[in-house]
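S.K.: Got a structure here, written out as structure tokens. Questions coming.
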Amino acid sequence: MRLADYTTIGLGGPARDFVSAGTEAEVVAAVQAADAIGGPVLILGGGSNLVVADAGFDGTVIHVTTRGLSRGGDGVTVAAGEDWDAVVAWTIAEGLAGLECLSGIPGLAGATPIQNVGAYGQEVSQTITQVRAYDRTASAIVTIPEDRCGFGYRTSRFRRSAGRFVVLSVTFRLAGQPFSEPVRYAELATALGVAIGDRVASAEARSAVLELRRRKGMVIDPADPDTRSVGSFFINPVLDAAALAAVEAAVRARCGEGTRVPRFDAGGGLVKVPAAWLIERAGFSKGYSLGDGARISAKHTLALVNSGSATTAGLMALARQIRDGVRDTFGVSLTPEPDLVGVAL
Ligand SMILES: Cc1cc2nc3c(=O)[nH]c(=O)nc-3n(C[C@H](O)[C@H](O)[C@H](O)COP(=O)(O)OP(=O)(O)OC[C@H]3O[C@@H](n4cnc5c(N)ncnc54)[C@H](O)[C@@H]3O)c2cc1C
């Protein structure tokens with residue numbers, strides 16, 4: 001069982017044991033059985049945020065394939081194994097708003113709280129009310145309210161606790177309305193022809209997001225080789241005022257006095273700087289490759305792509321070169337967004 005067949009980037013060697021779990025009871029039983037043996041466990045959803053070693057995974061992979069969607073008023077509870085984009089489409093069809101900007105993100109619902117999935121001004125932390133999970137430390141099913149999920153930018157308590165919680169279902173509170181939540185992202189507002197803060201029909205927001213994402217190779221499409229990726233490979237660095245000033249000085253030295261570093265407000269006096277901008281200015285352009293099948297997407301500098309013949313080792317070598325180039329040029333340390341299994345940057 002090659003994990004390459006279960007990851008969107010098409011990389012990863014064999015799993016020692018592979019279990020497909022289609023009900024909550026099967027998920028819990030599989031985790032308990034693996035924990036009883038004491039070996040490593042990897043919970044697998046859609047494999048869209050995973051980089052697995054060429055040597056594979058010397059432990060038990062549990063593939064979560066549970067299904068189920070239920071609605072009670074404006075609350076929606078989704079089984080971990082439901083396809084995320086289908087969930088978003090369903091909520092819009094139900095006249096519920098709050099997830100429309102998260103259209104087109106690959107993977108399964110159960111993974112969305114792990115890195116607090118976000119795009120185009122929305123994050124799941126804005127609408128999640130609780131997460132049900134199997135707690136491997138307590139050997140019990142627990143319900144964790146939103147304020148105890150520890151959500152942050154591309155992180156959560158689930159991600160930080162490295163495998164302790166196996167998500168079984170996620171509950172969202174959405175707004176019962178046919179129009180979107182206020183548009184917060186400038187690029188999306190421009191595409192929709194509205195101002196920041198305006199609302200549009202939720203279906204219209206979804207279409208615009210999907211169109212923007214397709215142009216960047218961010219919607220999985222077997223016909224588009226630029227989508228054989230894990231999405232963004234690096235997290236956008238969040239900088240305080242002193243760190244930003246240092247980057248601005250380095251940028252002026254490299255790119256000229258008039259060059260302005262783009263930024264987004266990240267709250268608390270912090271700013272988020274687009275990693276893609278830094279990577280390009282450090283000299284890595286779209287399509288760049290070390291010549292072994294791993295390359296930067298031709299559509300988006302932040303995505304690293306397996307053009308067909310890549311290995312995980314080659315992908316990581318490319319990622320290291322980019323990380324080192326950005327650090328040497330601008331003094332910024334980029335961190336990877338996907339979970340790395342059996343490899344390190
Ligand atoms: C083309 C493309 C575009 C993307 N765009 C975005 C984007 O816009 N925004 C964004 O935030 N992400 C984006 N991603 C990343 C990815 O789609 C999300 O992180 C997604 O939520 C991962 O879901 P998955 O089911 O594929 O998880 P997997 O890749 O299978 O797993 C990811 C991690 O979550 C853990 N996990 C999975 N399911 C469970 C569970 N039930 N319980 C406990 N742990 C679990 C895994 O062990 C692993 O550590 C993109 C990826 C691709 C390929």
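S.K.: Name the residues in region 147-171 that are touching a helix residue (DSSP H, G or I) at 6+ places or on another chain (Cβ under 6 Å) and within 10 Å of the ligand (Cβ to nearest atom), would you?
M.R.: Within region 147-171, Phe165, Val166, Val167, Leu168, Val170 qualify.
S.K.: Which residue is surrounded by the fewest Cβ atoms within 10 Å (Cβ to Cβ), if the candidates are limited to region 123-141 and must be over 27 Å from Gln32 (Cα atoms) and within 10 Å of the ligand (Cβ to nearest atom)?
M.R.: Glu123
S.K.: Can you pull out the residues in region 249-269 that are under 25 Å from Tyr153 (Cα atoms) and surrounded by fewer than 17 Cβ atoms within 10 Å (Cβ to Cβ)?
M.R.: Arg260, Pro262, Phe264, Asp265, Ala266, Gly267, Gly268, Gly269 - these are the residues of region 249-269 that are under 25 Å from Tyr153 (Cα atoms) and surrounded by fewer than 17 Cβ atoms within 10 Å (Cβ to Cβ).
S.K.: Are there any pairs, at least 6 apart or on different chains, whose C-beta atoms fall under 7 Å, with the first in region 291-307 and under 17 Å from Asn49 (Cβ atoms) and the second part of a strand (DSSP E or B) and of a type in the set (Ser, Thr, Tyr), and if so, which?
M.R.: From region 291-307, the pairs are Ser297/Ser229; Leu302/Ser232; Ala303/Ser229; Ala303/Ser232; Leu304/Ser229; Val305/Ser229.
S.K.: Of all residues in region 180-235, which are in a loop (DSSP other than H, G, I, E, B) and small (Gly, Ala, Ser)?
M.R.: Ser180, Gly193, Ala195, Gly197, Gly217, Ala223
S.K.: Which numbered condition in (1) within 14 Å of the ligand (Cβ to nearest atom); (2) over 17 Å from Tyr120 (Cα atoms); (3) in contact (Cβ under 8 Å) with a residue 24 or more places away in the chain is the only one that Ala241 fails?
M.R.: (1)
S.K.: In this structure, does Gly118 turn out to be near the ligand (Cβ under 8 Å from one of its atoms) and at negative phi?
M.R.: Yes.
S.K.: Moving to a separate point now. With Ala276, Ala266 as the choices, which residue is part of a helix (DSSP H, G or I) and closer than 17 Å to Tyr120 by Cα?
M.R.: Selected residue: Ala276, the only one of Ala276, Ala266 that is part of a helix (DSSP H, G or I) and closer than 17 Å to Tyr120 by Cα.
S.K.: Sticking with this structure for a sec: Can you tell me which residue is nearest to the ligand (Cβ to nearest atom) among those in region 91-107 that are more than 11 Å from the chain's Cα centre (by Cα) and within 18 Å of Gly45 (Cβ to Cβ)?
M.R.: It comes out as Gly104.
S.K.: Condition (residue is in a loop (DSSP other than H, G, I, E, B), more than 20 Å from the chain's Cα centre (by Cα) and more than 16 Å from the ligand (Cβ to nearest atom)) applied to region 300-307: is it met by at least one residue?
M.R.: No; the residues of region 300-307 include none that is in a loop (DSSP other than H, G, I, E, B), more than 20 Å from the chain's Cα centre (by Cα) and more than 16 Å from the ligand (Cβ to nearest atom).
S.K.: Another question about this same structure. What do you reckon, is Ala243 over 22 Å from the mean Cα position of the chain (by Cα), outside any strand (DSSP E or B) and of a type outside the set (D, E, K, R)?
M.R.: So Ala243 passes the test.
Read-outs: derived from the displayed coordinates by stated rules, not from any lab. Treat the numbers as computed from the prediction; the structure is a model and nothing was measured. Cβ: placed from backbone, ideal geometry, glycine included. Neighbour counts: every protein chain shown.
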